[in-house]
Amino acid sequence: MQEQPLAGDTVTALQAKTSLAGMAGSRAYYALGLLSAANLFNYIDRNLLSILAEAIKKDLQISDAQLGFLLGTSFATLFAVVGIPAGRIADRVSRKSMMAAGLALWSTMTALSGFAVTFTSLALARVMVGVGEASANPCSHSLLSDIFPRRRRASALSIYLAGSYAGQALSLAIGGLILARWSDICSVSPELLCGVRPWQAAFFIVGLPGLALAVLITRLQEPERATAPNHDLPKLIGTEFAASVPPFTFFSLLRVGGIAAARANLLLLAAVVVSAWLLVWATDSAAQWICVAIGSYSIGSWIQGLKWRDPALYRVTFGSRLFLLLVGGMATLGCMNATVNVWSAPYAIRVLGLSPKVAGLAIGVSMAAVSIIGTVLGGFITDRWKQRDPRAPIWVALLCMAGALPGAGMMYLTHEPTFFFVGLVLQGLFSTGWGGAAAALIQDLIEPRMRGTAAAAFSLVLTLVILAIGPYWAGKVSTVTHSLGFGVASIHLLAPFTVILLLMAARQMGIASRQGEPQ
């Protein structure tokens with residue numbers, strides 16, 4: 001039987017021939033393998049800081065709130081600012097070249113993080129890691145959605161996302177080993193190497209291999225698209241970045257939408273500034289809320305401009321009640337999961353008394369096994385369930401949240417390593433099963449020409465909420481209460497909001513399906 005796409009998912013004859021047939025078989029899975037490997041490096045570089053956190057905190061003399069900023073906000077801010085225009089650009093240029101360039105940038109900046117000697121210099125390096133990694137999801141999601149048909153899309157994206165969890169795990173294992181063994185490693189050349197601190201060496205060692213992978217990605221065969229390539233690349237980049245990078249956003253909106261658009265943007269700016277000022281006053285965390293304000297204003301301005309520049313895309317994304325509910329529900333769910341994961345190594349070292357080597361290896365191996373199983377299994381279950389109910393990704397997300405909560409409680413409300421690791425396995429198995437399902441659902445709801453932008457819009461709003469709020473929230477509560485476990489546990493106050501938003505999204509999909517409307 002011929003596959004029947006959802007409304008808005010009709011492909012041209014050229015795309016059908018190239019995407020579904022031309023890249024079938026070994027070439028499709030080779031591309032999936034390379035992109036999954038890039039995602040692996042993405043998350044190794046992104047999460048390495050977690051296992052190094054206690055050593056960095058001691059050397060740089062920073063608080064848990066500042067550590068939470070480094071673990072999330074510093075990365076997420078420009079990731080969000082750059083990411084959405086990166087998605088638009090990915091829809092018009094060579095995705096493999098853009099992906100390779102981003103990989104080379106974030107790998108280089110990870111290595112340069114090893115030169116940091118202050119909180120500020122490390123924060124700036126992490127910001128630039130975020131800039132490079134902003135290209136990963138738009139390019140990869142778009143490529144994989146063209147290479148694999150809709151009936152296998154959730155499975156392919158789940159395999160790709162498995163690299164995320166494997167990368168998180170390997171970052172802990174590799175970082176822990178380097179911290180423990182650096183004194184032996186540097187003895188090969190004591191004068192050259194032993195002056196480098198172990199956490200600095202970890203950044204050097206982990207960052208550089210991504211450059212070789214970037215070269216391999218440039219050699220991928222890319223599916224053709226109906227969208228004509230953009231031959232005026234400087235103009236395209238300038239236009240897209242002007243739409244999301246302050247202060248150019250205001251003038252971009254004035255140009256495309258006139259006085260009405262400019263007025264709306266000024267109101268947005270005022271709301272963001274006032275909110276940030278109140279949060280700085282309440283928390284005494286200026287860097288945190290200034291960065292969040294920049295990211296929020298940039299994304300908000302881009303969304304305002306999208307309404308004028310691409311009304312069709314706006315209608316199926318931020319003009320869609322369903323899309324907004326999905327973004328809200330998945331963001332709060334991801335915020336809880338990411339906070340539990342990113343603070344696991346510092347908690348094991350600080351509270352449970354484990355060495356960095358033991359904590360990194362034990363947490364890393366445990367997370368690698370259960371996360372990959374959970375991610376891939378979640379994708380396959382979603383694909384099967386979706387044949388009977390298109391709302392399957394939402395049900396999978398809710399079931400994953402319910403299964404992960406007891407494990408998170410066991411992890412952070414105990415001082416016994418055994419209970420901590422039992423909780424880690426339970427939490428990891430369930431918390432990873434919804435990612436591929438959510439990514440595939442967004443791709444199912446939009447047209448092929450919009451895939452890169454829609455993936456960017458979805459993943460980057462999630463990233464800003466997840467990383468800019470979750471790790472800082474736990475760190476700030478820990479700083480105030482002197483209890484890291486309570487700080488992480490408190491993030492689960494978001495659980496009721498997740499349930500409400502996702503149930504509303506499921507209801508919206510049901511209404512649209514009964515009325516025969518595009519979802």
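The values are calculated or read from the model by the stated rules, or taken from the named source; none is laboratory data. Being a predicted model, the structure only gives us computed values, none of them experimental. When we count neighbours, we look across all protein chains shown, and the Cβ atoms used for this are built from the backbone with ideal geometry, even at glycine.
Tell me yes or no: at least one residue of the stretch 341-360 is among the charged types (D, E, K, R), surrounded by 16 or more Cβ atoms within 10 Å (Cβ to Cβ) and either assigned to a loop (DSSP other than H, G, I, E, B) or free of Cβ contacts under 8 Å to residues at least 12 places away in the same chain (or both).
The first filter runs over the stretch 341-360 and keeps only residues among the charged types (D, E, K, R), leaving 350, 357.
With the extra rule that they be surrounded by 16 or more Cβ atoms within 10 Å (Cβ to Cβ), the set shrinks to 350, 357.
Imposing the further condition that a residue be either assigned to a loop (DSSP other than H, G, I, E, B) or free of Cβ contacts under 8 Å to residues at least 12 places away in the same chain (or both) reduces the set to none.
Checking the stretch 341-360: not a single residue is among the charged types (D, E, K, R), surrounded by 16 or more Cβ atoms within 10 Å (Cβ to Cβ) and either assigned to a loop (DSSP other than H, G, I, E, B) or free of Cβ contacts under 8 Å to residues at least 12 places away in the same chain (or both).
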| said: Any residue that is under 17 Å from G435 (Cβ atoms) and surrounded by fewer than 24 Cβ atoms within 10 Å (Cβ to Cβ) - is there at least one of those in the stretch 172-188? | reply: no
| query | T375 versus (1) buried (at least 24 other Cβ atoms within 10 Å of the Cβ); (2) at pLDDT 85 or above: which is the lone unmet condition? | reply | (2)
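Can we say T418 is hydroxyl-bearing (S, T, Y) and free of Cβ contacts under 8 Å to residues at least 40 places away in the same chain? Spell out the reasoning first.
On the way: hydroxyl-bearing (S, T, Y): yes; free of Cβ contacts under 8 Å to residues at least 40 places away in the same chain: yes.
Yes.
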| task | Look through G428, G487, G470 and report the one residue that is touching a Cys at 6+ places or on another chain (Cβ under 8 Å), crowded, with 21+ Cβ neighbours inside 10 Å and touching a residue at least 24 places away in the same chain (Cβ under 8 Å). | result | G470
| note | Per the filter on the stretch 18-46, residues crowded, with 19+ Cβ neighbours inside 10 Å, of a type in the set (S, T, N, Q) and either farther than 23 Å from C335 by Cβ or at pLDDT below 85 (or both) are T18, S19, S36
| said: Please list, ordered by residue number, the helices (runs of 4 or more DSSP H) wholly in the stretch 368-475 having 3 or more residues that are touching a Phe, Trp or Tyr at 6+ places or on another chain (Cβ under 8 Å) and of a type outside the set (G, A, S). | reply: 392-412
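Please pick out the residue among W289, W281, W302 that is aromatic (F, W, Y) and either outside any helix (DSSP H, G or I) or more than 24 Å from L78 (Cβ to Cβ) (or both). Let's see the steps before the verdict.
On the way: W289 fails: either outside any helix (DSSP H, G or I) or more than 24 Å from L78 (Cβ to Cβ) (or both); W302 fails: either outside any helix (DSSP H, G or I) or more than 24 Å from L78 (Cβ to Cβ) (or both).
From the options W289, W281, W302, the qualifying one is W281.
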| remark: When every residue in the stretch 316-335 that is crowded, with 24+ Cβ neighbours inside 10 Å and either of a type in the set (A, V, I, L, M) or without any contact (Cβ under 8 Å) to a residue 40 or more places away in the chain (or both) is compared, the one farthest from S431 (Cα to Cα) is L326
| message | Suppose the filter is part of a helix (DSSP H, G or I), touching a helix residue (DSSP H, G or I) at 6+ places or on another chain (Cβ under 7 Å) and of a type in the set (V, I, T); does V131 pass it? | response | yes
| Which of the residues spanning the stretch 69-89 are at pLDDT below 80, under 16 Å from I469 (Cα atoms) and touching a Cys at 6+ places or on another chain (Cβ under 9 Å)? | A76, T77, L78
